[in-house]
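The next block holds one structure in the form of structure tokens; read it before the comments.
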Amino acid sequence: MTRYPSRMLALAAATAITLATSGGVFAQEAVQTNSPAASSGAVSPADASFVKMASAAGLAEVSLGKLATEKGQSDAVKTFGQAMVDDHTKAGDELKGIADGKSIPVSSAPMAADVQAADAIGKKDGAAFDAAFKAKMVADHEKVIKLFTKESTSGKDADLKTFATKTLPTLKHHLQMAKALPAGK
């Protein structure tokens, strides 16, 4: 009878070791499957940076567009401002949908430099407002076109690359429109 308990102990020990080892493997597989690096939907740091910068830039354009609809002296500035609100809100919503599906955070506010620039522009009136708004829109769109061009040519995430490529013609059109705004004085 002394052998029977020893066999039971040996069997119990072997079972415990097997379960512990298997459990460890299963746990490790679960961690690997759920980790961003092992996920097939992993996003490169450059793509994540694109999302952050593009979403912040879009929010800046919406904010400035609203300001232009309220303070613009010329109808062209007011119309362009509304186009900024409409187009950049639509693009921002699309980018947020893509980013949310990949668990990439989007910016919740414009970059600090854009907020400061908007504050300075907002203190102007009449033709001075229109001139400052035009200059900011030209500079912003030149900058964002470079950002979107880089993503469309060298982005790693197919959805973000497609979004950037699809959005570029609208951004280029915005730049042309911004350059055609009245210069003000």
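Okay, here's what the table says:
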{"read-out": "Neighbours by Cβ (under 6 Å, 6+ apart or cross-chain): first from region 129-140, under 10 Å from Lys179 (Cβ atoms); second assigned to a helix (DSSP H, G or I)", "value": "Met137/Ala178; Val138/Ala178; Val138/Lys179"}
{"read-out": "Per-region count, region 129-150, residues within 15 Å of the chain's Cα centre (by Cα) and over 19 Å from Asp87 (Cα atoms)", "value": "1"}
{"read-out": "Residue match in region 59-68 (condition: closer than 15 Å to Ala132 by Cβ, part of a helix (DSSP H, G or I) and either free of Cβ contacts under 8 Å to residues at least 12 places away in the same chain or polar (S, T, N, Q) (or both))", "value": "yes"}
{"read-out": "Complete set of residues in region 69-85 that are free of Cβ contacts under 8 Å to residues at least 12 places away in the same chain and not β-branched (Val, Ile, Thr)", "value": "Glu70, Asp75, Lys78"}
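Rule-based calculations on the coordinates, nothing more; no lab input. Note that the coordinates shown come from a computational prediction; the quantities given were computed from them, not determined experimentally. Cβ atoms come from the backbone with ideal geometry, glycine included; neighbour counts cover every protein chain shown.
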